[in-house]
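Asker: I am attaching a structure below and will ask some questions about it afterwards.
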Amino acid sequence: MITIGKYFFPKTLEEAYGKLRERRNNAVIGGGAYLKLGSKAIGTAVDLSSLNLDYIDEKEEGYEIGAMTTFAAVMLHKDLNKDFNNLFQRSIEDIVGMQLKNMVTVGATVYSRYGFSDFLTALLATDTEVKLFKAGWVSLEEFLEKGPKERDIVEKIWIKKEKGVYSFQDLRGSSSDYSILNLALSKVDNHYQIALGARPGRATPAVETAAYLSGKKLSEKEMEQAGEILAEELVFGTNGRGTKEYRRAMGKVLLKKALQEVSAHEN
Ligand SMILES: Cc1cc2nc3c(=O)[nH]c(=O)nc-3n(C[C@H](O)[C@H](O)[C@H](O)COP(=O)(O)OP(=O)(O)OC[C@H]3O[C@@H](n4cnc5c(N)ncnc54)[C@H](O)[C@@H]3O)c2cc1C
């Protein structure tokens, strides 16, 4: 159970940040869905919902998405999904139900760097940057690896438009359960970007596998070889959902499915 001492609606991000940093037990509230799963005594809850951070702005070069934007808004945004051939829709559609998707937020998901996250894996196959209120812009890759230097607030993210082919693959024990493993892949101008999440550690890029594939014509043999590189390159772990051996084997399968999708898209 969570308890909340005071509930605060800041008028500006400056005010939100000031309140967050006043006491260690103060906390930002996004959708509040994940916080409620835990047990925490929150001093002051800093609710961002009156700061106009719920938006998806399309610009010529990319998409700016505010921290309070819900998963439902991302999943249903036609142009965003068209530009990334349904990468984001695919990463979100199997997460529980529509009611949850109408609550959970982009900012909370990015800030919390959940290992099981499907959306973060999808973002990591794109060129995405994160705007922290105090620390400023940082690449998603660096943020996922290092986290914030000190407590901060995610204000928005920026996803660069890049014309290419995108694929999201996941493995779940049953529909709407957490992913046992997930994989996102992009191919832009013969250059691949691959991310693997729920290993069960947080999403990480498969740099060597991507480098191996870049510029190659996709044959059955190349796909198999890329799978072998992937299995060696990343660290897989064991938890209640699967063993590291299972995840390593399934990583090859998800990669092959993604590459087959890319190949089919191109032919
Ligand atoms: C029952 C359930 C099932 C789920 N299943 C999946 C799944 O299968 N796949 C998947 O990818 N995800 C899943 N999720 C996670 C979900 O997608 C969200 O990532 C998660 O709920 C966080 O969003 P929220 O808005 O609820 O965060 P909150 O609960 O509001 O906050 C979570 C944490 O982030 C902090 N925070 C919130 N907003 C910000 C901000 N802007 N800046 C800095 N810190 C902030 C809060 O202080 C808190 O520590 C599930 C969540 C729930 C509740």
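Asker: Leaving out same-chain residues fewer than 8 places away, which aspartates and glutamates sit with a Cα under 18 Å from that of LYS40?
Answerer: GLU22
Asker: Can you tell me the accessible area per residue over the chain, all protein chains present, probe 1.4 angstrom, in square angstrom?
Answerer: Ligands and nucleic acids excluded, the result is 49 Å² per residue.
Asker: Next up: Inverting the mean 1/r over all pairs of different Cα atoms, compute the Kirkwood radius of the range 225-267 and quote it in Å.
Answerer: Kirkwood hydrodynamic radius for the range 225-267: 11.1 Å.
Asker: Could you check the spin-label model distance between SER214 and SER175? Points 7 Å from the Cα along Cα→Cβ, value in nm.
Answerer: A separation of 3.8 nm, rounded to one decimal place.
Asker: Too long at a 30 Å Cα-Cα cut-off: which of LYS36/LYS161; LYS11/LYS161; LYS19/LYS160; LYS11/LYS131?
Answerer: LYS36/LYS161; LYS11/LYS161; LYS19/LYS160
Asker: Provide, for q = 0.12 Å⁻¹, the log10 of I(q)/I(0) from a solvent-free Debye sum over equal Cα point scatterers in the range 56-160.
Answerer: With no solvent term, the Cα-only Debye profile gives -0.35.
Asker: Round to a whole number: what % of the accessible area of the chain belongs to carbon and sulfur, probe 1.4 Å?
Answerer: 49
Asker: Still on this structure, I have one more. Please give the solvent-accessible surface of GLU261 in Å², to the nearest 10, using a probe radius of 1.4 Å with every protein chain present.
Answerer: 80
Asker: Something else: I need the trypsin sites (Lys or Arg not before Pro) found in the range 4-82, filtered to DSSP loop residues with at most 13 other beta carbons within 10 Å of theirs.
Answerer: In loop regions of the range 4-82 (DSSP not H, G, I, E or B), the sparsely surrounded trypsin sites (Lys or Arg not before Pro) are LYS11, ARG23, ARG24, LYS59.
Asker: Which FRET efficiency, nearest 0.05, do MET1 and GLU22 yield, Cβ-Cβ r, R0 22 Å?
Answerer: Calculated transfer efficiency: 0.40.
Asker: Could you give the dipole magnitude of the chain about its Cα centre, charging the beta-carbon of Lys and Arg +1 and that of Asp and Glu -1, in debye to the nearest 20?
Answerer: Computed about the Cα centre, the dipole is about 940 debye.
Asker: Mind checking which of ALA45, ILE29, GLY5 is farthest towards the positive end of the range 2-49's charge dipole, using Cβ charges of +1 (Lys, Arg) and -1 (Asp, Glu) about the Cα centre?
Answerer: GLY5
Asker: Whole-Hz Karplus ³J(HN,Hα) for the range 119-127, in order, using 6.51 cos²θ - 1.76 cosθ + 1.60 and θ = phi - 60°, x for Gly and Pro?
Answerer: 5, 5, 4, 4, 4, 6, 8, 10, 8
Asker: At a probe size of 1.4 Å, how large is the accessible area of GLU61, to the nearest 10 Å²?
Answerer: 120
Asker: Let me ask something additional. For the range 23-165, with only Lys/Arg (+1) and Asp/Glu (-1) charged at the beta-carbon, what is the dipole magnitude about the Cα centre, in debye rounded to 20?
Answerer: Taking the Cα centre of the range 23-165 as origin, the dipole is about 600 debye.
The values are calculated or read from the model by the stated rules, or taken from the named source; none is laboratory data. Treat the numbers as computed from the prediction; the structure is a model and nothing was measured. Cβ coordinates were reconstructed from backbone atoms using ideal geometry, including for glycine residues, and neighbour counts include every protein chain displayed. We work out accessible area using only protein heavy atoms, side chains counted, and drop any ligands, DNA or RNA first. Shrake-Rupley method; radii C 1.70, N 1.55, O 1.52, S 1.80 Å.
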